[in-house]
Each structure stands twice: as C-alpha cells, then as structure tokens.
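> Take this structure first; my questions come after.
The values are calculated or read from the model by the stated rules, or taken from the named source; none is laboratory data. Not measured: the values here are computed from a predicted model. Here the Cβ is made from the backbone with ideal geometry for all residues, glycine too, and neighbour counts use every protein chain on show.
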Ligand SMILES: [Mg+2]
C-alpha cells in the first residue's frame with residue numbers, strides 16, 4: 001500500500017502516521033497545500049497531526065479532507081472578498097490586460113464542466129448547462145480549439161454539452177477524444193486520441209460493483225462510474241455519516257494497490273495510480289493539436305475544483321496562458337485569475353468571442 005492510498009497502519013509510530021497523513025492529504029490537495037513549492041512538507045500540518053495523535057483522537061485524513069472540501073464560509077464577508085479579489089483578480093475586470101499578452105499566439109480554451117459550465121446541484125445526474133451557456137461555448141469553438149476536461153465519463157459529459165465540434169477529455173483526462181463533427185456514422189471511434197488507463201477497466205468495474213453494494217445502507221450516498229475512475233458523491237449524505245462512508249470507501253480501496261483516492265467538491269474520487277491528471281491532458285491535447293512549442297500558444301483553462309489545480313500548475317510552470325479559478329470564496333490555488341460562478345464564466349466566454357471579432361472587424 002502506498003501513501004497515495006491514504007492507509008495508515010495502526011502499528012506505525014505517531015510521527016510516521018502524522019507524516020503519512022500529511023503526505024496522503026497532499027495527494028488529495030487540501031485547501032492549503034501541505035507541500036510547499038520547494039517540495040518540503042508543512043511542519044505546521046505535521047505538528048497538527050501529532051497534536052491530535054497525542055490527544056488520543058483517531059487520525060482520519062479522509063474525513064478531514066471531506067470536511068475541508070465543504071467550506072461553510074461564504075463570500076458574504078466583505079473583507080475576505082476584497083482581499084480575495086486583490087490576490088486573484090477578476091478575469092472580467094482584467095480582461096483587456098490579460099488578453100494583451102496573448103498577441104500573436106494561438107489561444108486554446110479548456111473548460112471544466114461541473115461548477116464551471118453548470119451549477120453544482122444535489123443530483124449529479126441533473127447538472128445541466130443552460131442553452132445560453134451552450135451557445136457561448138459554441139461561439140468560442142468557432143474561433144479557438146476548445147476542450148471540455150472533466151472528471152465525469154466522456155460519454156456523460158458529452159450528453160450534457162452536446163457539441164460535436166469540441167474535444168472531450170473525460171475521467172480526469174484519462175479518456176480523450178477529438179471532434180466528431182462532420183464524421184460519418186460509425187467512425188466516431190477513430191477520434192479517440194488517448195486512453196492511458198485502459199488496463200484498469202476491469203478493476204474499476206469490480207470496485208464499482210462492490211461500492212454500490214457496500215454503501216447502499218448510507219442514505220444519500222451515490223457512486224458514479226466515470227469509466228476510468230469512480231466518484232462517490234456525498235453531497236446528499238448527512239455529515240454524521242461522512243466518517244462511515246469514508247471508512248467504507250477506504251476499506252474497499254485498500255485492497256487495490258493500483259487505485260488511489262482524491263477529493264473533489266463533496267465527492268471522493270477513486271482513480272488509477274498512474275500519473276495522469278488534467279494537467280497531463282492539457283499538455284497532451286496541445287501536442288495533439290500540433291502546438292508542442294509553448295512560446296506560440298496561449299492556453300486558457302477555467303475550472304473550479306481541486307483536480308483543476310493540476311492544469312493550473314502546468315500553465316504556471318510554463319509561464320504561458322491563463323489559469324482561471326471559478327470560486328466566490330478564497331482558496332489556495334495555482335490559478336492567476338478568478339470568476340465567481342458559472343454565469344461569470346459565460347460572460348467571460350462571450351467577451352472572448354467579442355474580443356476576437358474586434359481584432360478583425
Ligand atoms: Mg468542476
């Protein structure tokens with residue numbers, strides 16, 4: 001069992017447990033990154049773990065992470081809000097400045113789905129985008145290569161978006177397909193570009209079946225099969241049952257060294273241990289589009305979740321393009337700009353099209 005699987009042996013010393021917990025939480029991208037940019041573990045976090053160990057409290061990093069992904073603070077705190085927008089300026093108010101840097105470069109647009117193009121809703125099966133949002137995305141795709149990058153299965157996210165001119169990267173980028181627009185029926189599979197986790201399919205399906213059975217007694221818990229990964233939704237689970245749900249998930253996954261857990265917005269993700277995330281998907285798509293030379297491109301990535309941080313990190317590392325976080329409350333992030341909610345994403349996309357049209361009147 002690796003640290004990534006977040007299992008902590010009871011026999012380990014307190015210090016080892018604290019470090020293991022901190023390491024495993026770092027895989028789950030907590031609100032404050034545990035590993036600083038220079039690669040060192042946050043001592044404060046380790047000490048905090050030691051402290052809870054000393055009090056005899058049981059260490060439960062998964063439960064901690066489930067709580068951390070469900071902040072109770074809202075943007076109503078005006079002071080917080082103003083310091084937040086100072087730190088991460090609005091992509092709408094800074095639009096002209098941002099876009100002036102893209103001069104002479106090919107813009108490529110990457111969009112997360114849930115919480116970015118659609119509102120977060122109680123039932124993940126009903127996370128529909130509006131027709132206005134669909135029109136805005138369609139408009140953007142007329143001018144720029146555009147990809148949807150989601151943790152959902154590619155088929156599911158396509159059923160929500162329904163635009164055949166886009167690229168789709170489902171299962172956190174582990175299932176990438178090019179546009180099918182204009183293709184003859186039956187030829188769609190020719191556009192599958194990348195499925196690096198194919199060998200994990202039997203395991204994912206096995207764990208899916210086990211999970212369905214094991215969590216059926218927890219009211220509100222839902223498992224979604226995203227083909228190359230699974231999502232355990234707990235948005236509709238009472239908080240008193242979160243620990244029970246987390247324990248069930250951990251006890252199943254610990255039997256599979258090929259799987260790891262990550263955390264999203266009220267969702268526990270079960271993913272293959274391969275190093276492939278939304279950041280890899282972004283780089284892969286840019287290469288597939290023939291833009292391996294980063295000096296010539298300007299990727300714009302918009303997303304709201306912890307898993308989008310992997311893509312923000314790539315953009316930051318390359319020093320090219322824009323990472324835009326959708327959030328109305330302060331968060332630790334590698335993005336450089338913010339938008340409050342999906343309606344602002346729609347305004348941004350509309351503005352992007354108008355800006356492009358104004359370049360060649
Ligand atoms: Mg999202």
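> Which of the residues spanning the range 105-134 are more than 16 Å from the ligand (Cβ to nearest atom) and out of contact with any helix residue (DSSP H, G or I) (no Cβ under 9 Å at 6 or more places or on another chain)?
131
> Related question: Output the number of the condition that residue 191 fails; it satisfies all remaining conditions of (1) in contact (Cβ under 8 Å) with a residue 24 or more places away in the chain; (2) in the same structural domain as residue 308 (by TED's automatic domain parsing).
With (1) in contact (Cβ under 8 Å) with a residue 24 or more places away in the chain; (2) in the same structural domain as residue 308 (by TED's automatic domain parsing) applied to residue 191, the lone miss is (1).
> To continue, here is another question. Would you check if residue 136 is crowded, with 19+ Cβ neighbours inside 10 Å, within 19 Å of residue 324 (Cβ to Cβ), modelled with pLDDT of 90 or more and touching a strand residue (DSSP E or B) at 6+ places or on another chain (Cβ under 7 Å)? Break it down stepwise before answering.
Details: crowded, with 19+ Cβ neighbours inside 10 Å: yes; within 19 Å of residue 324 (Cβ to Cβ): yes; modelled with pLDDT of 90 or more: yes; touching a strand residue (DSSP E or B) at 6+ places or on another chain (Cβ under 7 Å): no.
When the stated conditions are applied, residue 136 does not pass them.
> Then there's this: Do we have any residue at all in the range 95-104 that's at pLDDT 95 or above and within 16 Å of the ligand (Cβ to nearest atom)?
Checked against the condition, which is being at pLDDT 95 or above and within 16 Å of the ligand (Cβ to nearest atom), the range 95-104 yields no hits at all.
> Could you check the range 133-168 and list, in sequence order, the residues that are closer than 22 Å to residue 270 by Cβ, part of a loop (DSSP other than H, G, I, E, B) and in contact (Cβ under 8 Å) with a residue 60 or more places away in the chain?
Within the range 133-168, 151, 152, 153 meet the criteria.
> Let me ask something additional. Of the residues that sit in the range 187-219 and are touching a helix residue (DSSP H, G or I) at 6+ places or on another chain (Cβ under 8 Å) and more than 19 Å from residue 256 (Cβ to Cβ), which one is surrounded by the most Cβ atoms within 10 Å (Cβ to Cβ)?
Going through the qualifying residues, I end up with 194.
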